[in-house]
Amino acid sequence: MQNIVQPQVIAQGRSDQSKIALTFDDGPYPQNTGQILDVLSLHRVHATFFVEGSEAQANPGLVRRELAAGHTVGNHSWNHPELTRLSPEQIDSQLSRANAAITRADGVTPQLMRPPYGSVNDQVKERIAAQHMTTVLWDIDTVDWKLPGVDAITNEAISKAHNGAIILMHDGGGDRSQTIQALPKIIEGLQAKGYQLVTVSELIASLS
């Protein structure tokens with residue numbers, strides 16, 4: 001009898017600990033990711049990068065740099081389809097191809113998976129769990145992909161901050177200059193409010 005892995009889905013950490021996770025989707029992109037890593041390094045903050053397999057294959061050095069700097073690298077599918085529209089076999093392929101590309105780049109197999117668009121159903125959650133990954137969503141969306149302006153991105157992250165928050169931003173998918181400019185303000189603003197910035201892996205560890 002086949003062992004069934006119980007899906008685990010998280011969208012926030014503990015409400016009694018002043019910890020927040022910054023997360024970045026859709027990279028790595030050469031024109032964005034390096035600058036984001038520079039900002040994080042300058043502020044001595046770790047984040048979580050949900051990486052597309054196709055981008056990891058094209059930019060393995062950036063994936064290695066993310067891991068070497070102490071960040072968590074997660075799976076964000078091979079090429080960003082809406083997984084709920086795919087067959088189980090297609091979902092498995094998206095997950096496994098991305099994992100293989102990320103593992104080739106940095107030698108570490110992801111334990112976290114963020115479905116593109118946050119689109120999940122029972123089948124998607126089960127396929128992610130079958131590949132021994134936790135499904136990670138978010139509870140603060142900066143909507144930076146709409147390019148609403150540096151101040152709007154900053155205010156969305158800081159004004160909605162709360163214990164255990166997972167904040168969604170992007171380092172891939174297009175022009176992320178506003179995100180790059182907002183990031184120092186977000187980090188400094190959150191730290192000024194007493195929040196410790198951690199990886200999603202650290203948030204999950206505190207749940208157990």
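The values are calculated or read from the model by the stated rules, or taken from the named source; none is laboratory data. Quick caveat, the model's predicted, so the values are computed rather than measured. No Cβ is skipped: glycine too gets one built from the backbone with ideal geometry, and neighbour counts run over all protein chains shown. Keep in mind that these areas ignore ligands, DNA and RNA; they rest on the heavy atoms of the full protein, side chains included. Shrake-Rupley method; radii C 1.70, N 1.55, O 1.52, S 1.80 Å.
Here are a few things to note about the model shown:
- In Hz, Karplus ³J(HN,Hα) per residue of the stretch 150-161 (6.51, -1.76, 1.60; θ = phi - 60°; x = Gly, Pro): 4, 5, 5, 5, 4, 5, 4, 5, 7, 5, 9, 4
- Over the chain, accessible surface divided per residue gives 45 Å², non-protein components excluded, 1.4 Å probe.
- J(HN,Hα) series, the stretch 128-137, from Karplus relation 6.51 cos²θ - 1.76 cosθ + 1.60, nearest Hz, glycine and proline x: 5, 4, 5, 9, 6, 10, 8, 7, 10, 9
- Portion, in percent, of the accessible area of the chain that falls on carbon or sulfur, probe 1.4 Å: 47 percent
- Computed extension length for Ser41-Val108: 22.0 nm, one decimal, from 0.36 nm per residue of separation with the Cα-Cα distance subtracted.
- Prolate/oblate/rounded call for the stretch 134-176, Cα gyration tensor, a/c under 1.5 rounded: oblate
- Tensor-based shape of the stretch 53-165 (alpha-carbon gyration tensor, a/c under 1.5 rounded, otherwise prolate or oblate): oblate
- The distance between label points at Arg14 and Leu147 comes to 4.2 nm (points 7 Å beyond Cα on the Cα→Cβ vector).
- Computed 3J(HN,Hα) for the stretch 35-51, one whole-Hz value per residue from the Karplus formula 6.51 cos²θ - 1.76 cosθ + 1.60 where θ = phi - 60°, is 5, 5, 4, 4, 5, 4, 5, 4, 8, 6, 10, 9, 9, 10, 10, 9, 9, glycine and proline marked x.
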